[in-house]
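First the structure, in the form of structure tokens, and then the observations on it.
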Amino acid sequence: MQFLCSRRIQDCKGEVFEAGRLAVRWFEQQVGPERHQLLSKETSLAWKALRAATRPAIVESTQGRRISGMRIGPAAYALVTSSGMLLTRGVVQRLHLAAAPPTDQMLDRL
């Protein structure tokens, strides 16, 4: 399991907020059925914690195209909205929050 936390980065175009990511990979044939079951449970718990601490982010590219599947936590949301900082999932891609994400979903889980 690999978790890369989000971070503020500076490049030639200015400061942006880079999205973190959670990546998980294994091969059942290499780990066996018991370890596969354990890893599946641990992965489910990690995703559950991530979903509880964040909420869906309504994000658009600079061309206005909606980008799905992104999430944002309350501190990152406050930073980005108060500073007008752009978001990125990669070095060249620039995104912005298109609308305020729903808050009820996150508050219900805390």
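The values are calculated or read from the model by the stated rules, or taken from the named source; none is laboratory data. Keep in mind that what you see is a predicted model, and the values were worked out from it rather than measured. Cβ: placed from backbone, ideal geometry, glycine included. Neighbour counts: every protein chain shown. Note: areas computed on protein heavy atoms with side chains; ligands, DNA, RNA excluded. Shrake-Rupley method; radii C 1.70, N 1.55, O 1.52, S 1.80 Å.
Of the trypsin sites (Lys or Arg not before Pro) in segment 43-98, which ones lie in a loop per DSSP and count no more than 10 other C-beta atoms within 10 Å?
Working: sites: 48, 51, 65, 66, 71, 89, 94; in loops: 65, 89, 94.
Answer in residue order: 65.
If the segment from residue 3 to residue 98 were pulled out straight at 0.36 nm per residue, it would be longer than the present Cα-Cα gap by 31.6 nm. Extension gain, residue 13 to residue 42: 0.36 nm times the residue separation minus the Cα-Cα distance gives 6.6 nm. Out of (i) 1.05; (ii) 1.17; (iii) 1.21, which label holds the value of Rg/Rh (Cα atoms, Kirkwood Rh) that was computed here? Here Rg/Rh (Cα atoms, Kirkwood Rh) agrees with entry (i).
With a 1.4 Å probe and all protein chains left in place, how much of the accessible area of segment 41-102 comes from carbon and sulfur atoms, in whole percent?
Details: 2130 of 3550 Å².
In segment 41-102, the share of accessible area belonging to carbon and sulfur is 60 percent.
Extension gain, residue 30-residue 53: 0.36 nm per intervening residue step, less the Cα-Cα distance, totals 5.1 nm. Dipole size of segment 1-70 about its Cα centre, with +1 on Lys/Arg Cβ and -1 on Asp/Glu Cβ: approximately 200 debye, rounded to the nearest 20.
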